[in-house]
Amino acid sequence: MLSNYTAKYVKTSSGYMGQLVEWPEVVTEGKELDECREMLKDALHEMIIAYHQQGKELPVSGGVLEQIPVEI
């Protein structure tokens, strides 16, 4: 079964931090965005394995990120 999770990337002083919106415990960092993306995919895979081994239900996937413009 294929599920989609929503990744959020934030630029940091050391590179990028990646986190899943629907599953905030899945978080990682990388020097480059591509590195962070690959590490986040790996962290998600490992978390899925751990949840299955513990008999836990996976968080629901399929969120949507939207930017809301506001004048400051």
Using alpha-carbon coordinates, inclination of helix 33-54 to the longest axis of the chain, degrees: 30 degrees
Net charge of Cβ neighbours under 13 Å - reference THR28; Lys, Arg +1; Asp, Glu -1: -4
Length added when fully stretched, SER61-GLU29, from 0.36 nm per residue minus Cα-Cα: 9.4 nm
Formal net charge of residues neighbouring LEU58 (Cβ-Cβ distance under 14 Å; K, R +1; D, E -1): -3
Projected label distance in nm at VAL10 and GLU38, using a 7 Å step from Cα toward the beta-carbon: 2.5 nm
Pairs beyond 21 Å (Cα-Cα), from LYS11/LYS41; LYS8/LYS56; LYS11/LYS56: LYS8/LYS56; LYS11/LYS56
The chain: C-alpha gyration tensor shape, a/c 1.5 cut-off, then a/b vs b/c: oblate
The range 7-54 - charge dipole about Cα centre, Lys and Arg +1 at Cβ, Asp and Glu -1, debye rounded to 20: 160 debye
Relative contact order (%) - criterion: Cα under 8 Å, at least six apart; region: the chain: 29 percent
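Only the coordinates and a few stated rules stand behind these numbers; no lab work does. This one's a predicted model, so the numbers in the text were calculated from it and none came from an experiment. No Cβ is skipped: glycine too gets one built from the backbone with ideal geometry, and neighbour counts run over all protein chains shown.
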